1. Working out 0.36 nm times the residue gap between S102 and S37, then minus their Cα-Cα distance, what length gain in nm do you get to one decimal?
2. So for Y51, Y40, fewest C-beta neighbours within 10 Å to most, what's the order?
Amino acid sequence: MPCVTPALSHHHRIARLFFFISAFRSAFVLVVLTFASWLYTRHHKSKKGTYPIKILQTVPRGFKHVGTFNIQPNLVTALLPKIPVATIILLLEHIAIAKCRSISKQPTTVR
């Protein structure tokens, strides 16, 4: 079991605090900008019913415009030369992830 020192524990508390501050900052910015856009657009509706900025109004139901993917020959010929490199990179990423997981599962000794 790794040795937990007070300095390490303090570091984890500070890191956790910064994580929550960052998450709160993102949520706060989202709420403030949503409120600001509502304040800007609430009295600026034109006679056509449009707003000066794009607002999502009616959301269509279901996937009416979804179809099958048409594979074009020029797309396949453009991607064919890159398949060996992509396969090697994918293999190396899997090896790195497996190594990382195996290192984290091994017991550590304290000297």
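1. Details: separation 65, 0.36 × 65 = 23.40 nm, distance 4.89 nm.
Length difference between fully extended and current span is 18.5 nm.
2. Values: Y51 15, Y40 12.
Ranking Y51, Y40 by Cβ neighbours within 10 Å, fewest first, gives Y40, Y51.
FYI, it's all coordinate maths here, none of it is from the lab. Small disclaimer: the values here were computed from a predicted structure and weren't measured. Using ideal geometry, Cβ is built from the backbone for each residue, glycine included, and neighbour counts are taken over all protein chains shown.
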